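Structure first, then comments.
The values are calculated or read from the model by the stated rules, or taken from the named source; none is laboratory data. What you see is a predicted model; the values in this text were computed from it and never measured. We place every Cβ from the backbone using ideal geometry, glycine too, and count neighbours over all the protein chains shown.
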Amino acid sequence: MKKLASILFTLLLAMFLSMTASAQTATRQGRRYKERAYYGDISDSNCGVHHKMAGNPHGCTLACVKQGAKYVFVTGGKVYTVANQNLPDLEKYAGEHVRIMGTRTPDGKSITISTIREAVRRAAKRKA
């Protein structure tokens, strides 16, 4: 009888621990991948952070996309492929600093944008 109680207790403990770990993972993923605001630049997969063509970033981005590059979102030195390439506002804000509402994919390589609006660049902090 004691042996059966011991086995039952061990099984219940194992089930409880696995359920707790699973719930923590789901919560972590839910927080990480929900829609949120990001600030950065709409660029293209050829240029990424730095535009190579002469002229303004808007024209450079549009020219690269016309040649087959994909729209990307650049923030904090990271480049994310825009998952929804057919979003109409991408062309309007190409090469611009923007605030987007978006959701990163679980692999962290792309982002789905729901809204884009122009953002003001903050001045760099001066060292005293």
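Quick look at the numbers
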quantity: Qualifying residue in segment 76-91 (condition: touching a residue at least 12 places away in the same chain (Cβ under 8 Å), touching an Asp or Glu at 6+ places or on another chain (Cβ under 6 Å), part of a strand (DSSP E or B) and closer than 18 Å to GLU35 by Cα); calculated: no
quantity: Residue in segment 100-111 that is free of Cβ contacts under 8 Å to residues at least 12 places away in the same chain, surrounded by 13 or more Cβ atoms within 10 Å (Cβ to Cβ) and not in a strand (DSSP E or B) present; calculated: no
quantity: Residues of segment 43-60 satisfying the condition of being over 20 Å from GLU118 (Cα atoms) and surrounded by 15 or more Cβ atoms within 10 Å (Cβ to Cβ); calculated: SER45, ASN46, CYS47
quantity: Enumeration of residues in segment 2-28 that are hydroxyl-bearing (Ser, Thr, Tyr) and at pLDDT 75 or above; calculated: SER6, THR10, SER18
quantity: The lone exception for ARG122 - which of (1) exposed (fewer than 13 other Cβ atoms within 10 Å of the Cβ); (2) part of a strand (DSSP E or B) it fails; calculated: (2)
quantity: Subset of segment 61-94 that is over 18 Å from the mean Cα position of the chain (by Cα) and of a type outside the set (A, V, I, L, M) - its residue that is surrounded by the fewest Cβ atoms within 10 Å (Cβ to Cβ); calculated: PRO88
